[in-house]
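Below is one structure, written out as structure tokens; the observations come after it.
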Amino acid sequence: MSALEFRGVRVTYGHGRSAQLAVDGVDLTVRSGTTHGLVGESGSGKSTLARVAVGLAAARSGTVTLDGADITGRSAAARAARRRVQMVFQDPLAALDPRMPVGLSVAEGLLATGQRLSRTDREARVHALLDRVHVDPRRAGELPATFSGGQRQRITIARALAADPAVLIADEITSALDVSVQGVVLNLLRELRQDLSLTMLFISHNLAVVRYVSDEVTVMRAGRVVEHGPTEDVLAAPDDDYTQELLRSVPIMGQPLDLEDA
């Protein structure tokens, strides 16, 4: 199990007077074996922070470490460590090549492990990964368009798992799904965390969803952390005015989101 740590991470977009500060000195720890919720309005910097962890955005200053190893640098060691952090994005249709059978898309994730597999072993691994996310392996030869939105999202999760990650980052992966389909994906994430001992960073604007899956939560606003702590404590009695505002705009019921049968 792995701990993902952000220390003093600062990210800007643009240069000179047009530069915009997206993340402003953020400290955040995702404890080993837990799911950490990251919430905030659009433009709060939460997705940018996650993109730094997987190398899709560059930090102007600060570090991101995995088990104490810096994964923000350009060295071979940093790149190798960074592959242990995999990200699943909001739009699965955009994340999958529409011309490529989903089985081949999942197989792409195997390349990150450096394994040299025979065709038979590769196909067996792909089928096992699809089965792991409850997608019929017999459909590995089909194109993404033949699957529902929820199925496509589970396929992108399978591709991320193919890289054998220590940390899985889920960036708004249920926001485009209806409630029943959200339940399937969220229950899958809980199942994977338990069965595979994954550490997860779960990004969402939906506080009910965050409450359902997260052990701890961090609230961001305008690139800064304004509140963090155990999820139930923060959502039951937030200290920061902004967190209180989020709760008023998206009410959280007294009981956790019930998606067990979704």
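Taking only C-alpha pairs under 8 Å that are 6+ residues apart, what is the relative contact order of the chain in percent?
Once divided by the residue count of the chain, the mean separation gives 25 percent.
Beyond 15 Å, how much of the Cα-Cα pair distribution for the range 81-120 remains, as a whole percent?
53 percent
What whole-number value in cubic angstrom gives the convex hull volume per residue for the C-alpha atoms of the range 8-104?
Convex hull volume per residue, Cα atoms: 154 Å³.
Output the antiparallel fraction of DSSP beta bridges having both residues in the chain, as a percent to the nearest 5.
Beta bridges within the chain, antiparallel portion: roughly 55 percent.
What are the membrane-span-like helices in the chain by this rule: whole DSSP H runs, Cα extent along the axis at least 24 Å, mean Kyte-Doolittle hydropathy at least -0.5? Each step should come with its number before you reach the end.
Details: long enough: 179-196 (25 Å, 0.45).
Qualifying helices: 179-196.
Within the range 34-66, find all residues whose amide N lies under 11 Å from a label point positioned 7 Å from the Cα of residue 7 along Cα-to-beta-carbon.
Once the point is set 7 Å along Cα→Cβ of residue 7, 62-66 turn out to lie under 11 Å by backbone N, inside the range 34-66.
Test of understanding: ordering 111, 247 by Cβ neighbours within 10 Å, fewest first, what list do you get?
111, 247
List the trypsin sites (Lys or Arg not before Pro) within the range 1-38 that fall in a DSSP loop (any state other than H, G, I, E or B) and whose Cβ has at most 15 other Cβ atoms within 10 Å.
31
On a C-alpha basis, how far is the centre of the range 1-77 from the centre of the range 113-173 in Å? Whole number, if you could?
Computed from Cα coordinates, the inter-centre distance equals 26 Å.
Please give me the summed charge of the neighbours of residue 241: other residues whose Cβ is under 15 Å from its Cβ, Lys and Arg +1, Asp and Glu -1.
Surrounding charge for residue 241 is -2.
As an exercise, take the mean of 1/r over every pair of distinct alpha carbons in the range 92-164, invert it, and state the Kirkwood radius in angstroms. Mind showing how you got there, number by number?
Working: mean 1/r = 0.0848 Å⁻¹.
In the range 92-164 this quantity evaluates to 11.8 Å.
No value in this document is a laboratory result; all are computed from the given coordinates. Fair warning: this is a prediction, and the values are worked out from it, not measured in the lab. Every residue, glycine as well, gets a Cβ built from its backbone with ideal geometry; the counts of neighbours run over all protein chains shown.
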